[in-house]
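First the structure, in the form of structure tokens, and then the observations on it.
What follows is calculated from the coordinates using simple rules that are stated; it is not laboratory data. Here the structure is a predicted model, which is why all the values come from computation and not from measurement. So basically every Cβ, Gly included, is an ideal-geometry build from the backbone, and we count neighbours across all protein chains shown.
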Amino acid sequence: MMEQKELAAAVRAARAAGAVLRAGLRSEKHATTKAHARDPVTVFDKQSESVIAAILQEEFPDYGILSEEGLDTTGKSRCRWVIDPLDGTNNFLRGLPQFAVSIGLECSGIPVVGCVYDPSRDELFTAIRGEGAYLNGVPIRVSGKTALEDLLLAVEFSSYPPRARILHRRLARAIGEVRGVRALGAAALDLSYVAAGRVDGALSLSLSPWDVAAGCLIVAEAGGTVTDLSGARLTDPEQGLLVTNGRVHATVLALTGE
């Protein structure tokens, strides 16, 4: 199948970028800011992006690329790579080994390949549309949890305070009902952890396409459910995202609704 070749290239690119980030984690790091003071970028974000783009463009020169650090090319093909070269920059800056490389492929707007690589743990989450989800080559599935008191939820608060407060309000009721809430600081890993059954759901506001392009496919292929915060089909992750094991989706929607 065509997508096997694309996935293999994405894996090579993610591992190469991961090597850059592992080396960077042990280095002195400085950051500049993008949209606002809580939105940092480092030289390693950009180095990772360059490494990924070089590998993907060499093998698929007709594919477009959309990446967090500014790369936005329109290819001749109907396919486009959507890349976050360093998801979890704030963690990375502090030496906290909770960050990832995320590479998704969309063709005619439909996600077909997803690859999320955690270089600190050497964990590679992958999916091809219609072929299931995998962690280091082993099939994964979402959890079977159904009881509220058993649920672990991951949450990504926006780095923009007014948006963070909105999500905090939505979570207020859930915090008293579920087993726990984890703010892990890397949305791509939140989604991958839902797929692997490590957490039962993940919520966020103010994400971008590169944050979710790979992870949402991985969740879906692992048997999970992906919607916006109203339960409708996800069209804009900036306006909110909920992914769960599917069994608790309606319950979590009700708990976190405004």
Among Pro40, Pro162, Pro97, the residue with the largest mean-square fluctuation in a Gaussian network model of the chain built from Cα contacts under 10 Å is Pro162
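If I take R0 = 30 Å and measure r between the Cβ atoms of Arg26 and Ser50 in this structure, what FRET efficiency does the formula 1/(1 + (r/R0)^6) give, to the nearest 0.05? Don't skip to the end; give the middle numbers.
Numbers: r = 20 Å, r/R0 = 0.66.
Once the sixth-power term is evaluated, E becomes 0.90.
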Among (i) 22.3; (ii) 20.7; (iii) 18.1, the value of Kirkwood radius over Cα pairs in Å computed for this structure carries the label (iii)
With x for Gly and Pro, the residue-by-residue ³J(HN,Hα) of region 55-67, computed from phi through the Karplus equation 6.51 cos²θ - 1.76 cosθ + 1.60 at θ = phi - 60° and given in whole Hz, is 5, 6, 6, 5, 8, 10, x, 8, 8, x, 9, 10, 9
At q = 0.10, 0.18, 0.23 1/Å the base-10 log of I(q)/I(0) from the Debye formula over the alpha-carbon atoms of region 149-258 is -0.22, -0.77, -1.37
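What is the total of Lys pairs in the chain with C-alpha atoms under 27 Å apart, excluding same-chain pairs fewer than 8 positions apart? Before the final figure, lay out the partial values.
Details: Lys5/Lys46; Lys5/Lys76; Lys29/Lys46; Lys34/Lys46; Lys46/Lys76.
Within the chain, the lysine pair count is 5.
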According to the Cβ-distance criterion of 4.7 Å, cysteines of the chain with no possible disulfide partner are Cys115, Cys216
Of Ile65, Ile166, Ile128, the most mobile residue in a GNM of the chain (C-alpha springs, cutoff 10 Å) is Ile166
In this structure, the FRET efficiency calculated for Arg78 and Asp236 from their beta-carbon separation, with R0 = 25 Å, to the nearest 0.05, is 0.75
With label points set 7 Å from each Cα along the Cα-to-Cβ direction at Ala19 and Asp150, the distance between them in nm comes to 4.3
Summed over the other residues with a beta carbon less than 12 angstrom from that of Ala202, with K and R at +1 and D and E at -1, the charge totals -2
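Would you mind counting up the charge near Ala13? Only other residues with Cβ under 14 Å from its Cβ, with Lys and Arg at +1 and Asp and Glu at -1.
On the way: positive: Lys5, Arg12, Arg15; negative: Glu6, Glu49, Glu58, Glu59, Asp84.
Surrounding charge for Ala13 is -2.
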